[in-house]
1. Would you check which residues across the stretch A:68-88 are in a loop (DSSP other than H, G, I, E, B) and without any contact (Cβ under 8 Å) to a residue 12 or more places away in the chain and list them?
2. How many residues are within 30 Å of B:A95 (Cβ to Cβ) and not in a strand (DSSP E or B) when one looks only at the stretch A:138-159?
3. Tell me whether the stretch A:93-115 contains one or more residues that are modelled with pLDDT under 90, facing chain B (nearest Cβ under 10 Å) and under 20 Å from A:S41 (Cα atoms).
4. Among (1) surrounded by 19 or more Cβ atoms within 10 Å (Cβ to Cβ); (2) at pLDDT 90 or above; (3) assigned to a loop (DSSP other than H, G, I, E, B), which single condition is B:G126 missing?
5. Give the stretch A:116-148 a look and list any residue that's modelled with pLDDT under 90, exposed (fewer than 14 other Cβ atoms within 10 Å of the Cβ) and either at the interface with chain B (Cβ under 7 Å from one of its Cβ atoms) or within 18 Å of the chain's Cα centre (by Cα) (or both), or say none.
6. Just to be sure, is A:T153 at pLDDT below 70 and not small (G, A, S)?
7. Of the residues in the stretch A:44-79, how many are within 14 Å of another protein chain (Cβ to nearest Cβ), small (G, A, S) and either touching a helix residue (DSSP H, G or I) at 6+ places or on another chain (Cβ under 7 Å) or under 20 Å from B:E64 (Cβ atoms) (or both)?
8. Could you check the stretch B:89-111 and list, in sequence order, the residues that are more than 7 Å from chain A (Cβ to nearest Cβ) and either free of Cβ contacts under 8 Å to residues at least 24 places away in the same chain or within 19 Å of the chain's Cα centre (by Cα) (or both)?
Amino acid sequence: MMINSRQVKSSVTGFGIALFLLSAPVLFSGQADKKAPPDPSKVEDTQCVIGLEGIKHGNKGTLSVEGGALHFLKDTKTKAEIPISSITDIYLGNESRQDITGAGKVVTMAIPYGGGRVLSLFSHKVEVMTVEYTDSNGGFHGAIFVLPEGRATPMKDFLVSQGAKTTTHVPAPPEPTQEQKP
Amino acid sequence: MNQLTENAVRYRWTAVLGGVALLLGLSMLGLSVAAAPQQPAQKLSASAIQVLRTQPSEGLTIPEDFRAATYEHLIDELEKTKKFQKVYRDGDRTAASVTDLVTVKLTPEAFKEGSQKKREVTTVSGATSLKINVQFVSKDGKVLLEKSVEGKVRFFGENLGATKDFAKKVAAAVNESF
């Protein structure tokens, strides 16, 4: 029995098309997942650097917003929460207070010796979110979280949309650029 | 004759005892004089302490995460000293009722950014340092103690270490003075 080369080509093409059609839903659903923005109200793999009562410095866990509070959950036994109504300010990265001189004006960076950039808490690139809040007696607290890349701003925005207060901040000064020679 | 001998013996014993008492007295005096310079300065005392947030300082911008870390580390370290029944945070309303409350005021003076990479490679350069003026003030506004404390991270670790180092040094000053 002779097999025609045209018949082979057509059967291979048909098999390819069938394979593509079968795998299309899987392929496209994967792409759709990648494009969907992550849930701003829940960020896993977050490090609590300091400032949460009952949580050891540097513990990792899940940061989430629900029921009018910001929760940090290390495990079922180790957790802490900050009522959103008690949040007085949220800072991202190297942001500073605007009223740093007490005159309510934006100040320029001044470094007494050396340097040329603002002092960073971490030398490697991470997203830091500082949440300032008051306890039931009015006492000030500052909780510092390190979030995965790209997750701090949506989390802050979500907290603000839920009623967290923020003030105007001084952004971190830009990295110094190299002097251009003529 | 016997009477005279008895009197002489009595006088002799009195003189010996007097001499011993004099020597003891002088040696005690000598000891106290020698010990006087070693006596520690009068320690401060307070049942509670309140840490205020860092004061603004002219021309020096410190990111809020750095300020918050410094503040939280200082609260932790002051609690560890166990010198006070309570360590109050800034804004705590319940602190107002403490009659002998001491307030801690923090004013950043200078900082220098180092490099973790340099620290790890050379271990002699790349130190980050943070200098803060620390005032311990009584309820009537009297400055009880003032120090300029420098927090440093010299070798390994993040700049965060400078805030912890600062807090430990303040706690050491508290242990010395309270």
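1. Of the residues in the stretch A:68-88, the ones in a loop (DSSP other than H, G, I, E, B) are A:68, A:74-78.
A:T76, A:K77 - these are the residues of the stretch A:68-88 that are in a loop (DSSP other than H, G, I, E, B) and without any contact (Cβ under 8 Å) to a residue 12 or more places away in the chain.
2. Kept after step one, since they are within 30 Å of B:A95 (Cβ to Cβ), are these residues of the stretch A:138-159: A:138-145, A:159.
Checking which are not in a strand (DSSP E or B) leaves us with A:138-139, A:159.
Counting residues in the stretch A:138-159 that are within 30 Å of B:A95 (Cβ to Cβ) and not in a strand (DSSP E or B) gives 3.
3. The answer is yes, given that some residue of the stretch A:93-115 is modelled with pLDDT under 90, facing chain B (nearest Cβ under 10 Å) and under 20 Å from A:S41 (Cα atoms).
4. Every listed condition holds for B:G126 apart from (2).
5. Of everything in the stretch A:116-148, those that are modelled with pLDDT under 90, exposed (fewer than 14 other Cβ atoms within 10 Å of the Cβ) and either at the interface with chain B (Cβ under 7 Å from one of its Cβ atoms) or within 18 Å of the chain's Cα centre (by Cα) (or both) turn out to be A:H124, A:K125.
6. It is false that A:T153 is at pLDDT below 70 and not small (G, A, S).
7. Residues flagged as within 14 Å of another protein chain (Cβ to nearest Cβ), small (G, A, S) and either touching a helix residue (DSSP H, G or I) at 6+ places or on another chain (Cβ under 7 Å) or under 20 Å from B:E64 (Cβ atoms) (or both) within the stretch A:44-79 amount to 2.
8. So the first thing to find is which residues in the stretch B:89-111 are more than 7 Å from chain A (Cβ to nearest Cβ), and the list is B:95-109.
Matches in the stretch B:89-111: B:A96, B:S97, B:D100, B:L101, B:V102, B:T103, B:V104, B:K105, B:L106, B:T107.
The values are calculated or read from the model by the stated rules, or taken from the named source; none is laboratory data. From a predicted model like this one, the values you see are computed outputs, not experimental measurements. As a convention, Cβ positions derive from the backbone with ideal geometry for all residues, glycine included, and neighbour counts pool all protein chains shown.
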